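The values are calculated or read from the model by the stated rules, or taken from the named source; none is laboratory data. Just so it is clear, the model here is predicted, and its values are computed rather than measured. Positions of Cβ are backbone-derived with ideal geometry, glycine not excepted, and every protein chain shown enters the neighbour counts.
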């Protein structure tokens with residue numbers, strides 16, 4: 001018995017949809033939220049597992065069970081370092097999955113947690129992370145109801161990886177998905193961009209700024225539930241994690257087949273974040289956030305939506321940043337600071353690996 | 001900004017419930033399905049995240065949403081090697097979570113998949129695993145409806161880890177949980193034990209036997225749905241994964257507060273598996289299986305339950321192996337091959353690391 005024998009029955013199967021000559025191996029960029037990850041999802045995972053729920057291209061699956069609509073999402077967290085200004089891998093794993101449920105228009109209810117621990121992880125560190133998850137879950141009003149623990153040998157992991165999956169309920173009448181994005185929709189960003197990525201990057205590089213830039217890691221289910229309960233006609237929601245605003249809007253432009261126009265001057269970015277981006281050579285529009293989202297709302301409801309979002313601390317800087325202009329072709333156009341107009345493309349490589 | 005500063009706010013919190021002097025670091029055995037994993041769950045995760053769903057000590061959480069009962073489970077798969085006789089990490093990740101749902105008495109419906117890939121993983125290998133997951137999902141009648149992909153730098157993972165979480169529905173009248181185990185319940189094992197663990201161990205050690213021992217990795221939701229639909233009074237179900245029959249029965253004895261008696265001679269074990277166990281110095285009752293479970297059923301229904309299980313290939317060797325004898329104290333008593341009577345304890349250390 002050998003490895004080759006065991007794998008023989010695959011040799012007659014369909015050919016790998018990713019060009020092996022070009023990409024014989026998985027690269028960091030395949031997890032970076034940009035073009036390569038998109039290719040992996042679009043060419044390999046999507047067509048293989050194809051079903052209407054997955055094909056929706058949502059942050060999670062929304063399905064009906066005897067008239068009741070549920071949302072179901074999953075995310076693994078491999079962030080490095082595991083403790084950072086404004087959070088840690090534990091709180092991040094709760095916020096991230098709560099936010100994915102929120103992006104489906106769901107009220108988050110239950111989370112699962114799967115730990116992959118590396119042999120030798122400090123028990124005290126694990127304890128701190130577990131406490132942080134509990135505090136975050138309480139803050140979000142969700143319960144961690146089931147779990148799993150695996151330990152891998154030293155050198156085969158990196159301290160701790162956490163998967164959280166989540167289940168939530170979608171209220172009647174709520175219909176939030178990329179396909180509902182249409183011409184005229186107003187695009188609202190929920191707050192200032194770039195803090196999570198810069199906080200992580202600064203720690204990794206040992207950079208010190210005048211003030212510590214903290215991650216924006218936070219749950220956003222509250223303001224979204226308020227929008228939906230107020231009857232705001234929300235067409236689509238998307239959190240601005242890996243790949244940032246640029247990747248999120250590109251994905252949505254493609255899913256919905258629309259042209260999105262964004263006014264760069266309207267995007268809230270803190271001065272310290274902007275300065276850090278310049279030092280690090282990063283574009284804040286591509287940087288991951290962990291407590292920020294865009295909402296596509298019917299034009300008539302835009303002002304009201306901003307007003308509702310601003311009532312919550314986590315989205316008090318909500319601002320209109322653009323509009324869906326036409327259903328011509330899937331592209332994102334950026335009206336830049338200096339008045340030029342350019343295509344805002346999806347990120348190509350890996351900007352910041354292991355940011356979440 | 002440094003790591004110490006960021007973690008300062010934990011220092012005033014509750015003391016780590018695992019004795020740090022004794023276990024300053026996470027050991028492989030903390031994921032091995034035995035005493036240390038049990039301690040981690042009972043002392044750290046359980047009390048911290050405490051809620052009625054988690055406290056049930058089930059293979060998953062069963063909750064009601066407006067009258068409809070759902071099951072929700074999660075498992076991460078870190079098996080090494082990723083291809084083995086009878087399966088691979090992809091099919092295992094589907095079967096394992098489908099089986100966890102089945103153990104809750106649920107009909108499995110939807111799975112999520114979270115990949116943690118190591119930079120440098122062969123794209124062809126990923127493709128084979130993805131195809132295998134699809135084939136397994138089709139075979140189980142479940143859909144993979146949402147997913148996530150992370151890539152970690154080379155040397156910080158081990159090729160591929162997969163988390164699958166699952167959602168299923170529990171039919172009306174079905175009430176399967178450890179607390180329902182009661183005196184007189186008959187214990188049925190669904191088939192021969194030890195093949196999964198031995199298949200993996202043989203590959204790792206480069207052992208060759210006369211015939212290849214294949215893993216028993218398989219979905220068992222079909223026979224369980226048949227039991228439930230036939231109205232068999234199933235009190236509890238538990239799959240025999242990490243820690244094998246010994247750990248599963250010990251956990252259940254503790255959860256239900258009962259004494260379990262098992263007749264070793266009644267446990268089906270293949271001769272080649274028994275021989276391999278002797279060579280490797282392993283006890284088959286502690287070895288992980290990936291397509292085997294025990295059912296605790298009301299005595300009146302025992303014969304009928306065995307008959308129904310034997311109609312399915314995956315459980316054609318189902319056999320009565322014991323009975324719940326009293327509610328005195330939580331212990332498992334084994335009537336051995338040679339006629340002696342001994343306590344069957346939970347496994348202490350790590351018997352076979354990274355078996356699933």
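What the table shows:
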item: Given (1) surrounded by fewer than 23 Cβ atoms within 10 Å (Cβ to Cβ); (2) over 18 Å from residue A:112 (Cβ atoms); (3) in contact with a strand residue (DSSP E or B) (Cβ under 7 Å, 6 or more places away or on another chain); (4) within 11 Å of chain A (Cβ to nearest Cβ), index of the condition residue B:151 fails; result: (1)
item: Test: residue A:294 is over 15 Å from residue A:198 (Cα atoms), touching a strand residue (DSSP E or B) at 6+ places or on another chain (Cβ under 6 Å) and crowded, with 19+ Cβ neighbours inside 10 Å; result: yes
item: Residue count for the stretch B:92-122, restricted to those that are part of a helix (DSSP H, G or I) and under 21 Å from residue A:156 (Cβ atoms); result: 3
item: Criterion violated by residue B:303 - all others in (1) within 22 Å of the chain's Cα centre (by Cα); (2) assigned to a helix (DSSP H, G or I) satisfied; result: (1)
item: Number of positions in the stretch A:64-76 that are over 24 Å from residue A:256 (Cβ atoms) and either free of Cβ contacts under 8 Å to residues at least 24 places away in the same chain or surrounded by fewer than 24 Cβ atoms within 10 Å (Cβ to Cβ) (or both); result: 4
item: Listing of helices (runs of 4 or more DSSP H) fully contained in the stretch B:5-91 that carry 3 or more residues being more than 20 Å from the chain's Cα centre (by Cα); result: B:46-49
item: Residue check, residue A:56 at pLDDT below 90 and within 22 Å of residue A:248 (Cβ to Cβ); result: yes
item: Given (1) surrounded by fewer than 24 Cβ atoms within 10 Å (Cβ to Cβ); (2) more than 9 Å from every other protein chain (Cβ to nearest Cβ), index of the condition residue B:104 fails; result: (1)
item: One residue from A:72, A:83 being touching a helix residue (DSSP H, G or I) at 6+ places or on another chain (Cβ under 8 Å) and either facing chain B (nearest Cβ under 7 Å) or on the phi > 0 side of the Ramachandran plot (or both); result: A:83
item: Those residues of the stretch B:194-216 which are over 17 Å from the mean Cα position of the chain (by Cα) and either buried (at least 24 other Cβ atoms within 10 Å of the Cβ) or within 18 Å of residue B:77 (Cα to Cα) (or both), in sequence order; result: B:201, B:203, B:204, B:213
item: The one condition in (1) within 22 Å of residue B:218 (Cβ to Cβ); (2) surrounded by fewer than 23 Cβ atoms within 10 Å (Cβ to Cβ) that residue B:275 fails to fulfil; result: (1)
item: Residue list for the stretch B:107-122, restricted to those being surrounded by fewer than 24 Cβ atoms within 10 Å (Cβ to Cβ) and more than 7 Å from every other protein chain (Cβ to nearest Cβ); result: B:107, B:109, B:118
item: Test: residue in the stretch B:322-335 that is farther than 28 Å from residue B:225 by Cβ and out of contact with any strand residue (DSSP E or B) (no Cβ under 9 Å at 6 or more places or on another chain); result: no
item: Residue check for residue B:219: more than 12 Å from chain A (Cβ to nearest Cβ), surrounded by 24 or more Cβ atoms within 10 Å (Cβ to Cβ) and in contact (Cβ under 8 Å) with a residue 60 or more places away in the chain; result: yes
item: Single condition residue A:125 does not satisfy, out of (1) facing chain B (nearest Cβ under 7 Å); (2) surrounded by fewer than 24 Cβ atoms within 10 Å (Cβ to Cβ); (3) in a helix (DSSP H, G or I); (4) more than 17 Å from the chain's Cα centre (by Cα); result: (1)
item: Residue satisfying condition, being within 11 Å of chain B (Cβ to nearest Cβ), buried (at least 21 other Cβ atoms within 10 Å of the Cβ) and part of a loop (DSSP other than H, G, I, E, B), within set A:166, A:191, A:157; result: A:157
item: Given (1) under 29 Å from residue A:151 (Cβ atoms); (2) within 9 Å of chain B (Cβ to nearest Cβ); (3) in contact with a strand residue (DSSP E or B) (Cβ under 9 Å, 6 or more places away or on another chain); (4) surrounded by 24 or more Cβ atoms within 10 Å (Cβ to Cβ), number of the condition residue A:61 does not satisfy; result: (1)
item: Residue in the stretch A:13-34 that is within 30 Å of residue B:198 (Cβ to Cβ) and either more than 9 Å from chain B (Cβ to nearest Cβ) or at pLDDT below 95 (or both) present; result: yes
item: Options A:217, A:255, A:211; residue that is part of a helix (DSSP H, G or I) and outside the structural domain of residue A:98 (by TED's automatic domain parsing); result: A:255
